[in-house]
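The values are calculated or read from the model by the stated rules, or taken from the named source; none is laboratory data. It should be emphasised that the depicted structure is a prediction, and the values quoted were computed from it without experimental measurement. Here the Cβ is made from the backbone with ideal geometry for all residues, glycine too, and neighbour counts use every protein chain on show. SASA here: full protein model, heavy atoms, side chains in, ligands and nucleic acids out. Shrake-Rupley method; radii C 1.70, N 1.55, O 1.52, S 1.80 Å.
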Amino acid sequence: KIFCCWYALLVLLYPVGTLFSRTNTEEMETQLANTEGKERIGLLIHLTRTYNEKNPQKARDYGLEALELLKSFPNEKIRAAALNNISVVYKNLGKQEKARTYADESLLVAQKTGDKAGKAAALNSLGKIFGIIGELDQALNDLSNSLQLFEELEDKPNSARTLNDIGNIYWEKSDYPQ
């Protein structure tokens, strides 16, 4: 009975959450028209992540614009994040070589700046890409390194996602006990 009440509440509130999410995205796009500089870069990066699965072409365009603007407002940590976001978009578009190029560059920038979270994210992206193209041992290596960094950062949500990604690779390898 308690489960039914919670389920009913969830069903009733889901459209409200979706509406707020949509409104927030629409508001950010409206703000984008009147925003410049660093604030615009932040909005573009957020919109890249927001649209990465819903509308990958739009996400790519936002990500590439953010990268272009970063030439005028250099910040290597943000650049690494933007590169990684674009990598994810290309992965979702099925363009694994382009995705790998952006993830590799993100990893190099993160390493150069000592950005442990950026390095973990880039390695995670590379692991997923290698998994998609069938290079499963390399995928496991990158994902394991990503997991180690996320654990050092005590980033439980990303650690959990990475463990799931590792499990998916073992599944692909038919290594079910792992």
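Odds and ends about this structure:
- When residues in the stretch 56-87 are screened for being over 19 Å from Leu149 (Cα atoms) and β-branched (Val, Ile, Thr), 1 of them pass.
- Test: residue in the stretch 115-132 that is more than 20 Å from Glu29 (Cα to Cα), surrounded by fewer than 16 Cβ atoms within 10 Å (Cβ to Cβ) and either at pLDDT 95 or above or among the aliphatic types (A, V, I, L, M) (or both): yes
- Of the criteria (1) charged (D, E, K, R); (2) assigned to a helix (DSSP H, G or I); (3) modelled with pLDDT under 95, which one Asp175 fails: (2)
- Restricting Val89, Val109 to residues that are of a type in the set (A, V, I, L, M, F, W, C), touching a Pro at 6+ places or on another chain (Cβ under 8 Å) and open to solvent by less than 70 Å² (accessible area, probe 1.4 Å) narrows the list to Val89.
- A count restricted to the stretch 104-145 and to residues that are under 26 Å from Pro74 (Cβ atoms) and in contact with a helix residue (DSSP H, G or I) (Cβ under 9 Å, 6 or more places away or on another chain) stands at 22.
- Condition check for Gly94: in a loop (DSSP other than H, G, I, E, B) and more than 16 Å from the chain's Cα centre (by Cα): no
- Note on the stretch 149-160: residues that are part of a helix (DSSP H, G or I), touching a residue at least 24 places away in the same chain (Cβ under 8 Å) and either within 18 Å of the chain's Cα centre (by Cα) or under 12 Å from Gly127 (Cα atoms) (or both) total 3.
- Filter result for Ile169 (in contact (Cβ under 8 Å) with a residue 24 or more places away in the chain and farther than 20 Å from Arg49 by Cβ): yes
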